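Peer 1: Mind looking over this structure? Questions follow.
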Amino acid sequence: MLFLPLLIPLATAIAGLLAWNRRKLQRLLGVCSSAALLIVGLMLLATVQQQGVISAQAGNWPAPFGITLVADLLSSLLIVATGLMGLCVTVYSLADTDTRQESLGYHPLLQVLLLGICGSFLTGDLFNLYVWFEVMLIASFVLLALGGQREQMEGAIKYVALNLIASALLLAGIGLLYGVTGTLNMAHLAIRLQSMPHTGTIPVIAALLFCAFSIKAAVFPFYFWLPASYHTPPIAVITIFSALLSKVGIYVLIRVFTLIFPQETLAGQPLILAAAGLTMLLGALGAVAQPELRRMLAFCVVSQIGYLLMGLGLFTALALSGSIFFMLHIMAAKSALFLTTGVVARLTGSSSLAELGGLYRRYPLLAALFLVPALSVAGIPPLSGFWGKLALIQAGLQSGQYLMVAVALGVSVLTLYYLTNAWIHIYWKPAPETAAKLQYLPPHRRHQLLAPTLLLALFSLVLGLLPEPLFRLCHSAAEQILNPSSYITAVLGTLP
Amino acid sequence: MEPVLAVVIGGLYAAGMYLMVRRSIVKMIFGLALLGNAANLLIFTVGRLTRGRPPHIPLDATLPSLPVADPVPQALILTAIVIGFGVQAFALVLIKRVYQTVGSDDQDVMVTENQGLATRGTGREGQGDEV
Amino acid sequence: MRIAALLSIPCGLFIWFALQIGAVADGQVLQSSLAWLPTLGITLSLRLDGLGLLFALLISGIGALVLLYASSYLHDDPHLDRFYAFILAFMAAMLGTVLAGDLITLFVFWELTSLCSFVLIGFDYQSQASRKAALQALLVTGAGGLALLGGIILLGQVAGSLELTTILASGEQVRNHALYLPMLLLVLAGAFTKSAQFPFQFWLPNAMAAPTPVSAYLHSATMVKLGVFLLARFSPVLGGSDSWFVCLTGIGGITLLLGAVRAITCSDLKQILAWTTVSALGMLTLLLGLGTPLAISAAMLLLTVHALYKSALFLAAGAVDHGAGSRDINRLGGLAGTMPQVALASGLAALSMAGVVPLAGFIAKELFYEATLQAPTAATLLTLVAFLGNGLTVTAALLTGWLPFYGMLKDDTLHPHPVDLRLWLPPLLPAALGLLIGLFPGPAGRLLMAPAAAQVAGSPLPLSLGLWHGFSPVLLLSLATLGAGLALFSLRRPLLARLQPSQPSAGWDTERLYDWLLIGLPRLALGITLRLQSGRLRYYLMTVTGVAVALMALNLMTSSNDDLQLPRPDGSLHEWLTALVILAGALFATITRSRLAAVASLGVVGYGVALVYILFGAPDLAMTQFCIETLSIILFVLVLHKLPHFALLSSTASRLRDLVVALGVGTVMTWLVWRAISQPLVPSLSTWFLEQSLPAGHGRNVVNVILVDFRALDTLGEITVLAVAALGVYAMLKPRSGGEGSD
Amino acid sequence: MHSVILATAIRLLLPLMLLFSLFLLLRGHNEPGGGFVGGLVVAAAFALYTLAHGEKEGRRMLRVDPLRLVASGLLVALVSGLLPLLVGLPFLTALWSSVPAPVIGHAGTPLLFDLGVYLLVAGMSLLIIFTLMEE
């Protein structure tokens, strides 16, 4: 069961490679596989809810020697999200991706990306995590570079260079950790590190890994690669990147710094909180400065990462559950924004605020599809973003982190500003005279574009109106990760 | 020998880093290659060195005769080398394509990400935030 | 007709609320709640008490009138359906706010009103003024809302519950808490932005860009009063302290005067009404700040009366606009002939606004003066402020209720025509109600104001309203007010003429602060972003590695260094040589100007590393490294000959800087490795692998067994990477050989 | 690049190198070697052949599309991991034949897995080299 989230995309990717020139088949396979992934994710979630943390050993070798796959609530929630996002994006790209990209293996690459993401969420082995990171990374490299205009190339080189630095740091960190502890299994590491004095190299390795993951997660001051590259590739690609890639970084930060390293090894909360605050603030300022939608949204992605990190910095069950909820919310809401932007760009041929306008009258649905997720991202109740923020703010006030809370609230105002301002530009402002004629979209294409967008926007809305079921799950997930013994027992059998 | 190798590792990191931050992206790929070697050597060294004894089990035994080199770092490095090679090959071709599309290997030419930003400041001047 | 069906919603609500009057007046509080987010202890709960009921009646009643009115006023608008949807949503949001029984419920609906007002103010989205005003209203109230959120969460934490009933009972605890002042200020920020108090007053007149029905609804009766509602709601908890008194009376007083003065300098009917609304909101804030039973009663009455007359006046102004084609009092006149019903409505409403016997406004003003005269401190000053404000209000009442309807039509190009029933009935009804309450104040006071005031005060209040209070200083003040207002009205033109050149509004309006922010913020953002996100990759790289290494160095330095015992460098000559070769190769790669030499030195490094692997028992590694290195060299050569020669691009200074950074990185890494290898060796996994390799893995090459069996999942991932890398290379080069350029 | 010596030499060397690569693959479980190195040797052999005879000829000699080689390599590796699922064991569990086979000793799924690696590495190296040479 635990292997299915890896096997499905891998098998699909292989099938896609074998059916290299048969695009229709590749497309069909892609959609089926993502749907299957979603279903498997849901089954996994149900199992974990019933049985607690579950684990499986690759090759039937006992932990900590063989590679362990582990699913707790957090990772199974994220697998579900991956399946959902994969499905939405795959359907969307049926209409959005041009034939040339498809003929260069777009769909198999997407599956490999999903493979890497699922692997990172499920693995219980630090080196295996590195491998999945690389799988994810190389797939994202290629997806990013498919196409090949100048902007895209420039974005790709920055993305590649900075992410490779992260990989190098990560690899060094893992090697050092093995040298110091003699193990790679995360649960085993947790136990070994508990019994070791937290002096010497361990804090340094913790800092090293923190930096490596922070680069992946696009945290200040490591986020440069994200705004530098996210505006260039096709919108479907960027949607899945923004929804999942940086979240993997955050997931791993949460995992590693709750499970492996006891909290005190991190140089300290203030540092994480400062990074979180600056990420929020500078991301939002970047978004304010951008006159082009995709770039604005790229900065918006950065800004929201700050909130996710804030939960880790506060380190309470409430804060972490807020972070987890926020992570799931932001995947849906932000993706809906990106996808709508893609539709707008397809209609008008532009995503620059100055060149857009006047879509409100003819496309009220499109207007709502932008406004609802935008307000959700800004944290306006009763949309999904509000609850995550509420939990974070409550947690922040409980911990007496008033400055952090003030920044979080202030950034919400900024977010509200730039997103509604953009909305006004796109929909209310009359179209400039220079604007090109609107493109016609045939109905089947329209449906392929709008169905996933609508689904995600509705998800955000429903999640806002009925937050309890998911929030309860997130809260249990947070409690689970704050109490690693269940994880460790699930992997190693008994607590030594 | 480990302390010496530590210096070698440091040297590789320094050289790799220096090459990475050159303006020419062609040099970057050399930097990447050096960093990869540095990381591998680091894993190797930190996993402790054992002279000459590979982790192989002789034909007439069921256990290797100790002391023997630690096989785990070796396996890790092997994986890392291969992954590094794949990524490096891709990066190499990417750099070539970047050079072809941009027409230069100078990083300072690759700043289209801020296109339109610099002009925006002046465009806003008179009218405030035009909505 | 559709409008009838739609009207049934607010009418039905109004009737239902009206039916609850009896029960609520007896002191009952109806409550109902629904678990919403139990994990966070959040319920969706509603509570109907005196205060909520008063507001609910106003909201649903005026809502019904506005809906009826809009069906005629906007009948040819293409987005009429959207309008109905928005306005009903808005009504729901406001009802939710005033009926909320829980802080989060309150906040949720509070934000929803901001949102709805955004789409309503921007309803005429084609006009830039509308768009700007909509954004402005959203931002100002939205920012206030977020401050409020902080405030109520703190409040909830101090009181231990988000439930309103509990919070209302824990006033003592809250006021004595260390965080009382921040809480108060945050809540006030929410209330003041919503109710357009100084310094946030500017958004309200700008929001007049909305269609008149919206203005009537948002700015007379309801949305802007939510701020006042909030103050009233939290008065038992947060009120009664000195800071409360100072903030509310101070800000309220300023707003009162500011609004009143601005009102009489305008010539657009809606602008005048908007500024008088600001002024009235100031009065209400001031009264709530006083916090005496008398003041609270006055506030409740004034609030009701104001809602009635102001909605009537707004709707009448819209009717005038619709019938005569202008809202400029300098162009209008004599409209009583063409639209007598509108003139009647306006007249009644204006009289109420001016506080003339026997209208309800008179009673409100009397109570107002009584409250200020009996204020615990600064009674004289407050009375003076009240007097000035009321006097100016009288003038404004004349401007809106008299000028357009009597005298001569001043602009001949206008062709006034009568308006239909749906345009004159909605203003007439509330205006008439004002008269009715004035004539029979007792029942209204007992049934509506007293229960509301009791909620605000936190305890039942004796409240009996009467038209006649006997000859008292208050009556004298009332008369003097009327006189002053009349006098000002007659002197208005010459006064304005003298003020005009100096542009009274230009110098000190806080709106300029907003504009400045809206221009300055993007500029600041742009500056910061251009600096950080410079587009130059090597600065990104340098920052990223620099910070990472600095963080590590910091940790290296702070953690104890006692355990650092370097083993003495040992090793044979060929080992040392290998190390030297690697270093030399790396060094040469950095300094050479030839590409081929760089490739060669890279090869030297690679082969050198392979040698190390051989020397220390890793033949598999060495073999792989040799193969890979060879293949890499081939690839490098294949690719590099199409790339430019190395050029010397950087200046010496920047090379020096890079050198320092690079050496820093190298030093930290060396240091770290030293530290790691001087730690005691712990038993690692490898013992198990060595033992199990043959019996369980059926292989003698332990490394290979690990790769293909023990850790085969890693290898599976690894070959996936290879496959994708190959695909990537293929994909990047393929389109070119196909002869097709970029699309 | 069209050197006669190389062209002739590689014709002779090619089968030898292929044989050597198979040898490396098969003995990898017990001695230094393995699928990875074996695959690289295959790639080197064909790369040399291509250098001598040109890219078209090289492709012809290989007979299969390298991309297909990559895909089938992955497939073989995946299948070797999936086989144990049929007998109810976790993914990637090694299955061994009870009778020792000639040359390789025990035959088992890890060998199949290594074969996948071998195919994939050969395919990917050749794909890259062919694409680059085509330029």
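Peer 1: Any idea what angle helix D:109-134 forms with the longest principal axis of chain D, computed on alpha-carbon atoms, 0 to 90 degrees, nearest 10?
Peer 2: Approximately 20 degrees, to the nearest 10.
Peer 1: Counting every Cα pair in the protein assembly as shown, what percent are over 70 Å apart?
Peer 2: 18
Peer 1: Taking the Cα centre of the protein assembly as shown as origin, work out the dipole magnitude from +1 charges on Lys and Arg Cβ and -1 charges on Asp and Glu Cβ, in debye rounded to 20.
Peer 2: Once rounded to the nearest 20, the dipole reads 1920 debye.
Peer 1: Spelling out what I want: for every residue of region A:323-339, take phi, set θ = phi - 60°, compute 6.51 cos²θ - 1.76 cosθ + 1.60 (Karplus), and round to whole Hz; glycine and proline get x.
Peer 2: For region A:323-339, the Karplus-derived couplings read 4, 5, 4, 4, 4, 5, 4, 5, 4, 5, 5, 5, 5, 4, 4, 4, 5 Hz, x marking Gly and Pro.
Peer 1: Just to confirm my numbers, what's the Cα centroid distance between region B:51-100 and region A:183-243 in Å?
Peer 2: Comparing the Cα centres of region B:51-100 and region A:183-243, I get a distance of 24 Å.
Peer 1: Using the alpha-carbon centroid of each, what span in Å lies between region C:257-317 and region A:266-300?
Peer 2: With region C:257-317 and region A:266-300 each reduced to a Cα centre, they are spaced 42 Å.
Peer 1: Compute the helix-to-body angle for C:712-737: its Cα long axis versus the longest principal axis of chain C, expressed 0 to 90° and rounded to tens.
Peer 2: 80
Peer 1: Next up: Quick one: which of A:Lys334/A:Lys429; A:Lys334/C:Lys310; A:Lys437/C:Lys194; C:Lys132/C:Lys365 span more than 32 angstrom between C-alpha atoms?
Peer 2: Where the Cα-Cα span goes over 32 Å, the pairs concerned are A:Lys334/C:Lys310; A:Lys437/C:Lys194; C:Lys132/C:Lys365.
Peer 1: Per residue of chain C, what 222 nm ellipticity follows from adding -39500 (n - 2.57) for every DSSP H run with n ≥ 4, rounded to the nearest 500?
Peer 2: It comes out at -24000 deg cm²/dmol, rounded to the nearest 500.
Peer 1: I would also like to ask the following. Which log10 I(q)/I(0) values, to two decimals, does region C:350-437 give at q = 0.16, 0.22, 0.26 Å⁻¹ under the Debye formula with one point per Cα?
Peer 2: Per q value, in the given order, log10 I(q)/I(0) is -0.79, -1.10, -1.24.
Peer 1: How far is the Cα center of region A:363-412 from the Cα center of region C:436-467, in Å?
Peer 2: Their Cα centres are 40 Å away from one another.
Peer 1: What nm value, rounded to one decimal, do you get for the distance between B:Val109 and C:Ala647 when each label is placed 7 Å out toward the C-beta?
Peer 2: 0.7
Peer 1: Also: If R0 is 35 Å, what FRET efficiency do you get for A:Lys24 and D:Leu95 from their C-beta distance, rounded to 0.05?
Peer 2: FRET efficiency, A:Lys24 to D:Leu95: 0.45.
Peer 1: Can you list the residues, at least 5 places off or on another chain, whose amide H is less than 5 Å from the amide H of C:Asp102, using H built in the peptide plane?
Peer 2: C:Ser45, C:Leu164
Peer 1: List C:Thr510, A:Thr348, C:Thr113 from most exposed to least, where exposure is judged by having the fewest other Cβ atoms within 10 Å.
Peer 2: Sorted ascending by nearby Cβ count, the order is C:Thr510, A:Thr348, C:Thr113.
Peer 1: Helix C:573-591 versus the longest principal axis of chain C: what angle, 0 to 90°, nearest 10, using Cα atoms?
Peer 2: On a 0 to 90 degree scale, this one is about 50.
Peer 1: Using a cut-off of 17 Å between alpha-carbon atoms, which aspartates and glutamates can reach A:Lys24, once sequence neighbours fewer than 8 places away in the same chain are excluded?
Peer 2: Once the sequence-local aspartates and glutamates are set aside, what remains near A:Lys24 is A:Asp96, A:Asp98, A:Glu102.
Peer 1: Evaluate the charge dipole of chain A about its Cα centre and quote only its size in Debye, nearest 20, assuming +1 on the Cβ of each Lys and Arg and -1 on the Cβ of each Asp and Glu.
Peer 2: So the magnitude is around 1020 debye.
Peer 1: Follow-up. Kindly provide the helix-only [θ] at 222 nm of chain A, computed as the sum of -39,500 (n - 2.57) over DSSP H runs of four or more divided by all residues, to the nearest 500 deg cm²/dmol?
Peer 2: Calculated mean residue ellipticity at 222 nm is -24500 deg cm²/dmol.
Peer 1: If you don't mind, another one. If neighbour count is taken as other Cβ atoms inside 10 Å, put C:His79, C:His306 in order from fewest to most.
Peer 2: C:His79, C:His306
Peer 1: Then there's this: Cβ neighbours within 10 Å, averaged per peptide: list A:329-336, C:351-358 in order, most packed at the top.
Peer 2: Most protected by this proxy first, the peptides run A:329-336, C:351-358.
Peer 1: Additional query: According to the square roots a ≥ b ≥ c of the eigenvalues of the Cα gyration tensor, what is the shape class of region C:1-239, taking rounded for a/c under 1.5, prolate for a/b larger than b/c otherwise, and oblate for the remainder?
Peer 2: Oblate.
Peer 1: What does the charge count near C:Ala712 come to, summing +1 for each Lys or Arg and -1 for each Asp or Glu among other residues with Cβ under 11 Å from its Cβ?
Peer 2: Charge balance in the 11 Å sphere: -3.
Peer 1: Which order do the peptides C:407-413, A:45-51, C:144-150 come out in when sorted by mean C-beta neighbours inside 10 angstrom, highest first?
Peer 2: C:144-150, A:45-51, C:407-413
Peer 1: Using 0.36 nm per residue of separation minus the Cα-Cα distance, give me the extension gain between C:Met408 and C:Trp16 in nm, one decimal.
Peer 2: Additional length available on full extension: 136.5 nm.
Peer 1: Right, next: Distances over 21 Å make up what percent of all Cα-Cα pairs in region A:359-467?
Peer 2: When every Cα pair of region A:359-467 is considered, 49 percent fall beyond 21 Å.
Peer 1: Per the Kirkwood definition applied to all pairs of different Cα atoms, how many angstroms is the hydrodynamic radius of region C:524-668?
Peer 2: Computed over Cα pairs of region C:524-668, the Kirkwood hydrodynamic radius comes out at 18.8 Å.
Peer 1: Count the net charge of all other residues whose Cβ sits under 13 Å from the Cβ of D:Ala77, scoring Lys and Arg as +1 and Asp and Glu as -1.
Peer 2: -4
Peer 1: Give the lysines reachable from B:Lys27 as a straight Cα distance under 27 Å; neighbours fewer than 8 places away on the same chain don't count.
Peer 2: Qualifying lysines at Cα under 27 Å: A:Lys158, A:Lys216, B:Lys96, C:Lys642, C:Lys734.
Peer 1: Provide a whole-number value for the mean count of partner chain Cβ atoms within 10 Å of the Cβ atoms in peptide C:628-634.
Peer 2: 6
Peer 1: A further question on this structure: Using only the Cα atoms of region A:274-482, build the gyration tensor, take square roots of its eigenvalues as a ≥ b ≥ c, and label the shape rounded, prolate or oblate: rounded if a/c is under 1.5, else prolate if a/b is larger than b/c, else oblate.
Peer 2: prolate
Peer 1: If you don't mind, there's one more thing I want to ask. Inside 10 Å of the C-beta atoms of D:78-87, what's the mean count of C-beta atoms belonging to other chains?
Peer 2: 3
Peer 1: Then there's this: When ranked by the protection proxy of mean other Cβ atoms within 10 Å per residue, highest first, what sequence do the peptides C:28-35, A:365-372, A:413-420, D:80-87 form?
Peer 2: Per-residue mean Cβ counts within 10 Å order the peptides as A:413-420, A:365-372, D:80-87, C:28-35.
Peer 1: ³J(HN,Hα) across region D:52-66 via Karplus (A = 6.51, B = -1.76, C = 1.60, θ = phi - 60°), whole Hz, x for Gly/Pro?
Peer 2: 6, 10, x, 5, 4, 5, x, 4, 5, 5, 5, 6, 9, 5, x
Peer 1: Follow-up. Placing +1 at every Lys and Arg Cβ and -1 at every Asp and Glu Cβ, with all other atoms neutral, what dipole size does chain D have around its Cα centre, in debye to the nearest 20?
Peer 2: 240
Peer 1: What average number of partner chain Cβ atoms lie no more than 10 Å from the Cβ of the residues making up C:577-584?
Peer 2: 4
Peer 1: How do A:Phe3, C:Phe368 line up, fewest other C-beta atoms within 10 Å first?
Peer 2: Least crowded to most crowded, the residues run A:Phe3, C:Phe368.
Each reported figure results from applying straightforward, stated rules to the coordinates on display, with no laboratory input. Computed from a predicted model, the values in this text were never measured in an experiment. Cβ: placed from backbone, ideal geometry, glycine included. Neighbour counts: every protein chain shown.
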